[in-house]
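Remarks on the structure that follows.
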Amino acid sequence: MSTILITGANKGLGREAARRLLDEGHDVWLAARDPERGREAARELGGRFVQLDVTSERSVKAAAEHVAAESGALDVLINNAGIVGRRVPVAEVTAEDVRRVFETNVFGVVRVTRAFLALLERSENPVIVNVSSGMGSLAVTTDPQRLESTLVVLAYPASKTALNMLTSQYAKAFPHMRINAVDPGYTATDLNARRGTQTVEEGASVIVELATAGKSAPTGSFRDARGVVPW
Ligand code: NAP
């Protein structure tokens, strides 16, 4: 049984990953920025709730202190919270638009990871799963065979590319941890107005798989349900 924290766990892929991990008997912290939505999801699934807005240093610090006081250690951190940002033509995207997306998808991950590192260090098998996207892969987004190559967007893909590099560097910095990025695939959630072609059950599988892979699991890799994704 592992103690697991998932950011953005009140809905979508985070909530489904929480549901599955609770079903498997793990102790799951559902972290959400909105206390009402977060508490409700935790109550429905039977997990524990902690308020956590990845863009707020104070909120993240308080969440880490709360989990430290209640659980004492953390085995698995799932950096799942993410946003796509304003949907406007590329020429209209401002630096502020990009900054806002990076604040959640990139700086949020650094903020949360740093705050929970001490708790992860107390685990026998510390694991971090960063929920990235095929849209963050330069190889995938330039492959004409892939749907991702037809989508021209600025902030979101760049933020996930940055997240991929964070994953690779964190993995090198902490070789005793399993630190990987995952692409859940195009999944019907609020992120894409439910246009995704997969169910959340399908999308969450790779998140759950990497979260629960044992000590022999890879580190510093980027994976989807089919295996390794090229960076
Ligand atoms: P979603 O249903 O929109 O869920 C996103 C979650 O992130 C929500 O719980 C949201 O909370 C939370 N969140 C946003 N900003 C936050 C903040 N500042 N602090 C804390 N939580 C915050 O989208 P999803 O599809 O499940 O996305 C989950 C992850 O999968 C994201 O990282 C996304 O980039 C990635 N992904 C999704 C797809 C896809 O096709 N759906 C594909 C590849 C990757 P609120 O409810 O408060 O907004």
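The values are calculated or read from the model by the stated rules, or taken from the named source; none is laboratory data. Note that the structure is predicted; figures quoted are calculated from it, not measured. Cβ sites come from the backbone with ideal geometry, for glycine too, and all protein chains shown count toward neighbours. Just so you know, the surface numbers come from the protein's heavy atoms only, side chains and all, with ligands and any DNA or RNA stripped out. Shrake-Rupley method; radii C 1.70, N 1.55, O 1.52, S 1.80 Å.
For region 19-42, give me each residue that is in contact with a Gly (Cβ under 7 Å, 6 or more places away or on another chain), surrounded by 20 or more Cβ atoms within 10 Å (Cβ to Cβ) and more than 16 Å from Val54 (Cβ to Cβ).
The one that is in contact with a Gly (Cβ under 7 Å, 6 or more places away or on another chain), surrounded by 20 or more Cβ atoms within 10 Å (Cβ to Cβ) and more than 16 Å from Val54 (Cβ to Cβ): Val28.
Could you please find all residues in region 155-182 being out of contact with any Lys or Arg (no Cβ under 8 Å at 6 or more places or on another chain) and within 15 Å of the ligand (Cβ to nearest atom)?
Tyr156, Pro157, Ala158, Ser159, Lys160, Thr161, Ala162, Leu163, Asn164, Leu166, Thr167
Which numbered condition trips up Arg58, out of (1) without any contact (Cβ under 8 Å) to a residue 12 or more places away in the chain; (2) within 26 Å of Asn192 (Cα to Cα); (3) not β-branched (Val, Ile, Thr)?
So Arg58 meets the others, but not (2).
Hey, among Leu147, Leu151, which residue is in contact with a Phe, Trp or Tyr (Cβ under 8 Å, 6 or more places away or on another chain), within 12 Å of the ligand (Cβ to nearest atom) and not polar (S, T, N, Q)? Spell out how you get there, then give the answer.
Details: Leu151 fails: in contact with a Phe, Trp or Tyr (Cβ under 8 Å, 6 or more places away or on another chain).
So the residue among Leu147, Leu151 that is in contact with a Phe, Trp or Tyr (Cβ under 8 Å, 6 or more places away or on another chain), within 12 Å of the ligand (Cβ to nearest atom) and not polar (S, T, N, Q) is Leu147.
May I ask you to verify whether Val93 is open to solvent by 10 Å² or more (accessible area, probe 1.4 Å), closer than 25 Å to Asp34 by Cβ and either within 15 Å of the ligand (Cβ to nearest atom) or of a type in the set (Val, Ile, Thr) (or both)?
Details: open to solvent by 10 Å² or more (accessible area, probe 1.4 Å): yes; closer than 25 Å to Asp34 by Cβ: no; either within 15 Å of the ligand (Cβ to nearest atom) or of a type in the set (Val, Ile, Thr) (or both): yes.
Against the criterion (open to solvent by 10 Å² or more (accessible area, probe 1.4 Å), closer than 25 Å to Asp34 by Cβ and either within 15 Å of the ligand (Cβ to nearest atom) or of a type in the set (Val, Ile, Thr) (or both)), Val93 does not qualify.
Just for region 44-71: of the residues that are of a type in the set (Gly, Ala, Ser) and away from the ligand (no atom under 16 Å from the Cβ), which one is most open to solvent (accessible area, probe 1.4 Å)? If you could, list the steps in order and put the result at the bottom.
We begin by selecting, within region 44-71, every residue of a type in the set (Gly, Ala, Ser); these are 46-47, 56, 59, 62-64, 68-69, 71.
Of the ones still in play, those that are also away from the ligand (no atom under 16 Å from the Cβ) are 46, 68-69, 71.
Working: Gly46: 58, Ala68: 33, Ala69: 85, Ser71: 36 Å².
Ranking the candidates gives Ala69 first.
From (1) within 13 Å of the ligand (Cβ to nearest atom); (2) not in a helix (DSSP H, G or I), pick out the condition that doesn't hold for Ala41.
In the conditions (1) within 13 Å of the ligand (Cβ to nearest atom); (2) not in a helix (DSSP H, G or I), Ala41 misses (2) alone.
Report yes if some residue within region 72-79 is of a type in the set (Val, Ile, Thr) and open to solvent by 10 Å² or more (accessible area, probe 1.4 Å); otherwise report no.
No, region 72-79 has no match at all.
Out of (1) within 16 Å of the chain's Cα centre (by Cα); (2) within 8 Å of the ligand (Cβ to nearest atom), what's the single condition that is false for Ile6?
(2) is the only condition that Ile6 fails.
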